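Presented below is the structure to which this report refers.
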Amino acid sequence: MELANERAGRRRSGGNAIKESAGEKIFAVFNYAFFVVLGTITLFPFLNVIAKSFSSEAAVVSGIVTIFPIDFQVGTYELVLGNRQFINSFRITIIVTLIGTLASLLMTVLAAYPLSKPNLKFRKPILLIYVFTMLFNGGIIPTYLVMRELQMINTIWALFVPGLISVFNMLIVKNYFEALPESLEESAKLDGASNTRILHTIILPLSKPVLATIGLFYAVNLWNSYFNAMIYITAPELKTLQLYLKELIASTQEVMTTAGQVDVSRDLNQTPEAVRAASIVTATVPILLVYPFLQKHFVKGVLVGSVKG
């Protein structure tokens, strides 16, 4: 009987503790309304681009398209996806993103793991050198000369090697490794495991959240990058998708002339603005589809990797 009364008292006290006041309810409603409006404002430009890509020429030219397509059509996407240069640039970007992300993750882990050990000799000077590169760099011309001496100009390597390691990402991974229990490695060493085996079989499986987070950082950066291609690439077959879009915005008529044979009934009904919109949407959707698969690791990876200094 006494136990039942105690439980009832806890339920009553718990209910009173979570009961919201009128001011808190008003504040919560205001927060929801504010973020809904903010989210709508943030999404409006992208929704407008999508609507223009599906709208007719007359609707786009007249400027009446907002966030919903008018006179729905898909001819613009047929034109864009039929462009040989677009398809080739899309392929190059996928290859660079996959290879570059894997290579960056590998080099980041290989740098972060030894630097996470307090007993590493010259650990502080090495970290200081890494941090120094975050503040200062050699500049475009020295970097270009180095790439030329390494014979990487007009090669796919020039698209990801210059930014192979992000010091910011490396420090996040290092902090995550430092937060892992030391007893795991000590027990493995007692069993005769080497540092390489410990890293491969113990540390990396426990580091999926931070690796997924950093991998997403690298992938998004590589997918959106156009500067390296603009500086180091002159061969049309190695142009990335973002460089193609940059040139497309400057001269939209190019997509009309390189798409192959002209279908007058279809191509003349497309505006340069609609072609730009369809190209941007097609280039943006693939990287957006990656995020849901990494979302469960994203927040955990960033928080755990950034708590310990």
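Each value in this text was obtained by applying a stated rule to the coordinates, not by laboratory testing. All figures in this text were calculated on a predicted structure; none of them were measured in a lab. Neighbour counts are summed over all protein chains in view; Cβ atoms, including those assigned to glycine, are modelled from backbone coordinates with ideal geometry.
Results, tabulated for the structure shown:
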item: Modelled FRET efficiency - R0 45 Å, Thr143 with Phe72, Cβ distances, 0.05 increments; result: 0.45
item: Label-point separation in nm, Phe227 to Asn154, each point 7 Å along Cα→Cβ; result: 2.5
item: Rg/Rg_globular for segment 53-108, with Rg_globular taken as 2.2 N^0.38 Å and Rg from C-alpha atoms; result: 1.76
item: Pairwise centroid distance, computed over Cα atoms, of segment 56-110 with segment 161-206, Å; result: 37
item: Rel. contact order, % - alpha carbon contacts under 8 angstrom, at least six apart, segment 76-307; result: 38
item: Förster-model FRET efficiency, 41 Å R0, Ser187 and Phe293, C-beta, rounded to 0.05; result: 0.80
item: Cβ-based net charge around Leu241, under 12 Å, with every Lys or Arg adding one and every Asp or Glu removing one; result: +2
item: Taking Leu248, Leu159 and counting other C-beta atoms within 10 Å, the order from fewest to most; result: Leu248, Leu159
item: Calculated FRET efficiency for the pair Met134/Glu24, C-beta based, R₀ 45 Å, to 0.05; result: 0.60
item: Likely footprinting exposure, Lys189, Lys239, fewest C-beta neighbours within 10 Å first; result: Lys189, Lys239
item: Long pairs among Lys52/Lys239; Lys174/Lys208; Lys208/Lys239, criterion Cα-Cα beyond 21 Å; result: Lys52/Lys239; Lys208/Lys239
